[in-house]
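Colleague: Have a look at this one.
The values are calculated or read from the model by the stated rules, or taken from the named source; none is laboratory data. This structure is a prediction, so every number in the text was calculated from the model and none was measured. Backbone-built Cβ (ideal geometry, glycine too); neighbour counts: all protein chains shown.
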Amino acid sequence: MNTESIRAAFPILKETINGYPLVYLDNGATTQKPARVIDAITSYYTHTNANVHRGVHTLSQRATIQLEAARKTVAQFFNAPSAGQIIFTAGTTDSINSVALGLAEKHLQEGDEIVLSVAEHHSNILPWQHWAQRHKGKLVVLPLNKEQSVDVTALEDKITPRTKLIALTHVSNTLGTITDVEAAVRIAKLHAIPILIDGAQSAPHLTVNLGKLQPDFFVCSAHKMYGPTGTGILYLSERWLNELPAPRTGGGTIKTVTFDHTEYAEGALRFEPGTPHVAGIIGFSEALKFMSDIGLEAIAQHEQSLLIHAQNQLRALPEIDLYGDHEHKAGVISFNVKGAHPFDVGTLLDKYGIAVRTGHHCTQPLMQHYGIQGTVRASFGVYNTIEETNFFIEKLKKVIKMLS
Ligand SMILES: Cc1ncc(COP(=O)(O)O)c(C=O)c1O
């Protein structure tokens, strides 16, 4: 992998922050965008912009063709059985809310249980908690194992006849640890319980093969995969494509409407009311092509080498507490400087142009598990380098001295 030419493709990496070259280590929150994604969006608005699906004029047809081609690109990227199972949404949070609202309508009954894990992002807790509080439902929480991944072996103990859904993060956004989703799907299928996989942090770093994994629901966000904000996907298994009540309706979702009755469209369109984020979806498709051109394996290997390099150096610092300290995980490092507030560490690193995230990372239950307020999180992307990693460690050592 040629990191130099990859870096050259990202205009923002030429920015300086406080007089230092930008070292962007906040990829878990959102990734930067390569010029080809920015260009694809500009080109769409320059040459194509029109509303999709119902127009007979040339631009509308062009826009529709590009949107549906993007759906195919997404399906291929994730090896989904069919493009029709890919629903475009505003992102992971929107996708999970759609599933929660849809399931609440028919599938979930008062007193039912949903199994999640202690490592979930708030976006994969709150929609279920919202339902549970209104319907006397119960959230059942899987713990972490000794590698600080979600303990899927505890699933069997947590499942009861009232379990109606399992909803698990694939990769923890705070720790980077990887859930054994293959085992989770196997157990879910054994008990005929639907399973949702939150792929917000796995899709950018690991090969996700939906055809092989066969979850009921898979969700992710474009902006964490070098694509634009405001778009993402909800993958539905064939069963749920037909059975999930659409949580929202409106233009674009129908075959015929009278004031007495509506016949809804079949497939993905039933879940996509209103004008979609066409430019965003086209940008997303270009981002996936960018990732495929490099290769998911190459991206994972590169990020893994940065992770191991940084982790080894952090382990050698007695002032550092590491969380989720494990070799086999996505490129995310969470740590604290003993006795210092994560915000202070993040603010001081920013003085050297180093962007890291600080706080609870929308995983407050996980923070409660560790008995801490928050952490400093460095998360790697395809454009980060060993030199940047060394610079980060060097400046972190300075910050430790300043705060001691
Ligand atoms: C694991 C996980 N789930 C869900 C989300 C929510 O994603 P979005 O804000 O793109 O909807 C995030 C974002 O950080 C995440 O890391």
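Colleague: Out of the residues in segment 233-244 meeting the condition of being over 15 Å from His170 (Cβ atoms) and surrounded by 17 or more Cβ atoms within 10 Å (Cβ to Cβ), tell me which one is nearest to the ligand (Cβ to nearest atom).
Modeller: The qualifying residue nearest to the ligand (Cβ to nearest atom) is Leu236.
Colleague: Of the conditions (1) of a type outside the set (S, T, N, Q); (2) more than 16 Å from the ligand (Cβ to nearest atom); (3) at negative phi, Gly339 fails just one. Which one is it?
Modeller: Going through (1) of a type outside the set (S, T, N, Q); (2) more than 16 Å from the ligand (Cβ to nearest atom); (3) at negative phi one by one, Gly339 breaks only (3).
Each row is one residue, and each column tells you yes or no for (1) surrounded by 16 or more Cβ atoms within 10 Å (Cβ to Cβ); (2) touching a Leu at 6+ places or on another chain (Cβ under 8 Å).
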residue	(1), (2)
Leu116	yes, yes
Trp131	yes, yes
Lys158	yes, yes
Asn173	yes, no
Leu190	no, no
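Colleague: Please count how many residues of segment 245-258 are away from the ligand (no atom under 16 Å from the Cβ) and in contact (Cβ under 8 Å) with a residue 60 or more places away in the chain.
Modeller: 4
Colleague: Name every residue in segment 201-232 that is among the hydrophobic types (A, V, I, L, M, F, W, C) and either within 11 Å of the ligand (Cβ to nearest atom) or outside the structural domain of Leu108 (by TED's automatic domain parsing) (or both), in order of residue number.
Modeller: Matches in segment 201-232: Ala203, Val219, Cys220, Ala222, Met225.
Colleague: Among the residues of segment 76-94, is any closer than 21 Å to Pro365 by Cβ and under 25 Å from the mean Cα position of the chain (by Cα)?
Modeller: The first filter runs over segment 76-94 and keeps only residues closer than 21 Å to Pro365 by Cβ, leaving 92-93.
Right, trim to under 25 Å from the mean Cα position of the chain (by Cα) and you get 92-93.
Scanning segment 76-94, I find at least one residue that is closer than 21 Å to Pro365 by Cβ and under 25 Å from the mean Cα position of the chain (by Cα), so the answer is yes.
Colleague: Using the structure shown, decide if Thr153 is of a type in the set (Ser, Thr, Tyr), more than 16 Å from the ligand (Cβ to nearest atom), more than 27 Å from Ser305 (Cα to Cα) and assigned to a helix (DSSP H, G or I). Please lay out each step first, then the result.
Modeller: On the way: of a type in the set (Ser, Thr, Tyr): yes; more than 16 Å from the ligand (Cβ to nearest atom): yes; more than 27 Å from Ser305 (Cα to Cα): yes; assigned to a helix (DSSP H, G or I): yes.
So Thr153 fits the description; yes.
Colleague: Here's something else I'd like to know. Specify the residue that is nearest to Tyr226 (Cα to Cα); the eligible residues are those in segment 167-200 that are outside any strand (DSSP E or B), of a type outside the set (A, V, I, L, M, F, W, C) and within 13 Å of the ligand (Cβ to nearest atom).
Modeller: Gly199
Colleague: Do we find that Gly250 is assigned to a loop (DSSP other than H, G, I, E, B), under 30 Å from Ser172 (Cβ atoms) and assigned by TED's automatic domain parsing to the domain that holds Ser123 in this structure?
Modeller: Values: assigned to a loop (DSSP other than H, G, I, E, B): yes; under 30 Å from Ser172 (Cβ atoms): no; assigned by TED's automatic domain parsing to the domain that holds Ser123: yes.
For Gly250, the condition - assigned to a loop (DSSP other than H, G, I, E, B), under 30 Å from Ser172 (Cβ atoms) and assigned by TED's automatic domain parsing to the domain that holds Ser123 - is not met.
Colleague: Here's another thing I want to ask about it. Could you say which residue among Ala100, Ala90, Ala70 is buried (at least 20 other Cβ atoms within 10 Å of the Cβ), of a type in the set (Gly, Ala, Ser) and within 15 Å of the ligand (Cβ to nearest atom)?
Modeller: On inspection, the qualifying residue turns out to be Ala100.
Colleague: Then there is this: If you scan segment 272-300, which residues turn out to be in contact with a Pro (Cβ under 9 Å, 6 or more places away or on another chain) and closer than 20 Å to Arg7 by Cα?
Modeller: Gly283, Phe284, Glu286, Ala287, Phe290, Met291, Ile299
Colleague: Here are Val356, Val278: which of them is touching a Gly at 6+ places or on another chain (Cβ under 6 Å) and β-branched (Val, Ile, Thr)?
Modeller: From the options Val356, Val278, the qualifying one is Val356.
Colleague: Return yes when Ala355 is without any contact (Cβ under 8 Å) to a residue 12 or more places away in the chain and of a type in the set (Gly, Ala, Ser) and no when it is not.
Modeller: When the stated conditions are applied, Ala355 does not pass them.
Colleague: Of all residues being among the small types (Gly, Ala, Ser) and closer than 13 Å to Thr174 by Cβ in segment 111-122, which is nearest to the ligand (Cβ to nearest atom)? Just the residue, please.
Modeller: Ala119
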